[in-house]
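Visitor: Questions regarding the structure given below will be posed in turn.
The values are calculated or read from the model by the stated rules, or taken from the named source; none is laboratory data. Please read all numbers here as calculations on a predicted model, not as lab measurements. Here Cβ is always computed from backbone atoms with ideal geometry, including for glycine, and neighbour counts include all displayed protein chains.
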Amino acid sequence: MRFKSCWILPLLATALSAQMAPTLKVEAIPTLKASKGAAATVTVKASLPAGYHANSNKPTYSYLIPLTLKWTGGPLQMQSITYPEGTSERYGFQAPGDKPLSVVTGEFSIVTKFKVAADAASGPAAQTGTLRYQACDNHACYPPKSVPINVTVSVD
Amino acid sequence: MKSAQYFFRLVAIVLAAFGAGTFVWTYVHHEPPAKAAVKEGKDRKKAPDFELKDANGKAVRLSDYRGKVVLLDFWATWCGPCNIEIPWFTEFQRKYKDRGFEVLGVSMDDGDNAWKVISPFIAEKKINYRIVLGNDQTGDQYGGVEALPTTFVIDRDGRIASVHVGLSGKKEFEDAIQKLLDSPATGNGA
């Protein structure tokens, strides 16, 4: 978000110093060599900074926003996505009767199994997707964000 | 002379080490932000006005609340810490409404179907104050609201008296509200 009202910045500065939106880092994915008609696997390796968590793909409550990988284009046909198993954690912001939250923290991987179409065009192509997450720390939550995922695929 | 230089260097090193230590501690442990003090009247800035719609499509302006103490809460249904504060705000609304106090919730849920999520949430939580649907523009007006909850306590003159980023203490809010309710409007709201 842009900071248009500069006068409010000093008001927010102190508090914001402890409440920075985290950035999910996604490792570059090496070029995938795939053969027509064969299976192929892509592993998306991501990490959140220490002290932050994101909801797993199966959040505890329906109103929470899940970790989601969506493949949007490319020569590969998606067969299945395996998300990291969420860990159950309790946080300071939860009420006593609340259930532990199913979250991911630190480094985690999402594995997608693809099939290459028998009639796929030979040569390099781009497989694209987006990884959506919504992160919190112990005191605040941050709006959902989407990270673009790009894989270079070499079809032979 | 040399001993004075040595002393000032030592003080500078100690201060730098303290600052760095505080920074690291804050980022690693995510301690709650320092208590948001209620600013003195002369230090308060005008709360930016906005017009947003409630669930019925009715336009709501912050300036409609001039003369009242307002707790302006930026929140979202998916925000766990916000859910802790909401019952406090519901209690404040009931407790202080007759003294010229209002809570105004600005939901930062997005998407075309935001109200389909927000309305059941309001019913489930028995929220007794007005909720409007915010947007990035409103957030920008308030310095770029990114961490939720972010709450502004506004005095009767429409000026921001305190800002609370992240989950804050109930007493912290209530002290601010009571202090502002005890102060009449000054007409300095600009």
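Visitor: Please specify each residue of region B:82-108 satisfying the condition of being within 26 Å of residue B:140 (Cβ to Cβ), modelled with pLDDT of 95 or more and not β-branched (Val, Ile, Thr).
Guide: Correct list: B:82, B:85, B:89, B:102, B:104, B:105, B:107, B:108.
Visitor: Moving on. Residue B:116: out of contact with any helix residue (DSSP H, G or I) (no Cβ under 8 Å at 6 or more places or on another chain) and closer than 17 Å to residue B:56 by Cα, yes or no?
Guide: Details: out of contact with any helix residue (DSSP H, G or I) (no Cβ under 8 Å at 6 or more places or on another chain): yes; closer than 17 Å to residue B:56 by Cα: yes.
When the stated conditions are applied, residue B:116 passes them.
Visitor: Could you check region B:165-186 and list, in sequence order, the residues that are of a type in the set (A, V, I, L, M, F, W, C), surrounded by 22 or more Cβ atoms within 10 Å (Cβ to Cβ) and assigned to a loop (DSSP other than H, G, I, E, B)?
Guide: B:167
Visitor: Given the conditions (1) away from chain B (no Cβ under 12 Å); (2) at pLDDT below 95, which single one is not true for residue A:45?
Guide: (2)
Visitor: Exactly one condition in (1) more than 25 Å from residue A:21 (Cβ to Cβ); (2) at pLDDT below 95 is not met by residue B:37; state its number.
Guide: Unmet for residue B:37, out of (1) more than 25 Å from residue A:21 (Cβ to Cβ); (2) at pLDDT below 95: (1).
Visitor: Do we have residue A:79 as within 14 Å of chain B (Cβ to nearest Cβ) and of a type in the set (S, T, N, Q) here? Step through it out loud before you land on a result.
Guide: On the way: within 14 Å of chain B (Cβ to nearest Cβ): no; of a type in the set (S, T, N, Q): yes.
Taking the combined requirement at face value, the residue does not satisfy it.
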